[in-house]
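All remarks here apply to the structure that follows.
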Amino acid sequence: MPERQEDDDGEVWGGDRRLSRPDTSLPDWEMPDGAYRPVPIVWFSGALFLQILVQPLIALIVIGILGLPGRTNLAIAFFATGMIAQMTWNRGMAQAPAVWQVLTGAMLAGSLALIALAHIPEL
């Protein structure tokens, strides 16, 4: 291996190959992985935030503004949760590990169960 030599810019050379630069400290043949690789927590969090935002909005519109019965709100909440689940699976949750799929389904079902629990007196 050739001896290391430092030039005026602070770059370290080994023969004709640059070994490092002061601003990156990576050899020139080492390319950092800069590709976006989404992870299941992103899809899980997206579904959770959508569920948290959409369900109260549905209740506000259906019950508060339109004055429809709680059964209608529950039906629309079920439909919206299904749409959120479908969107989450299309984004990539279908290829995620099974534990993330189960946790996402449980989170969506649990939040929907809270909505159903609130409507028990009206059913």
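The values are calculated or read from the model by the stated rules, or taken from the named source; none is laboratory data. Remember, it's a predicted structure, so these values are computed and weren't measured experimentally. In this analysis, Cβ positions are derived from the backbone assuming ideal geometry, glycine residues included, and neighbour counts consider all displayed protein chains.
Per-structure values
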item: Filter result for Leu68 (of a type in the set (A, V, I, L, M), part of a helix (DSSP H, G or I) and without any contact (Cβ under 8 Å) to a residue 60 or more places away in the chain); result: no
item: Selection count where residues are of a type in the set (Phe, Trp, Tyr) and exposed (fewer than 15 other Cβ atoms within 10 Å of the Cβ), scope the range 74-123; result: 2
item: Out of Met93, Met83, Met31, sole residue that is modelled with pLDDT of 90 or more and either over 12 Å from Leu108 (Cα atoms) or touching a helix residue (DSSP H, G or I) at 6+ places or on another chain (Cβ under 6 Å) (or both); result: Met93
item: Within the range 43-84, tally of residues that are over 30 Å from Ala98 (Cα atoms) and polar (S, T, N, Q); result: 2
item: Verdict on Gly14 being more than 23 Å from Gly82 (Cα to Cα), surrounded by 12 or more Cβ atoms within 10 Å (Cβ to Cβ) and at pLDDT 65 or above; result: yes
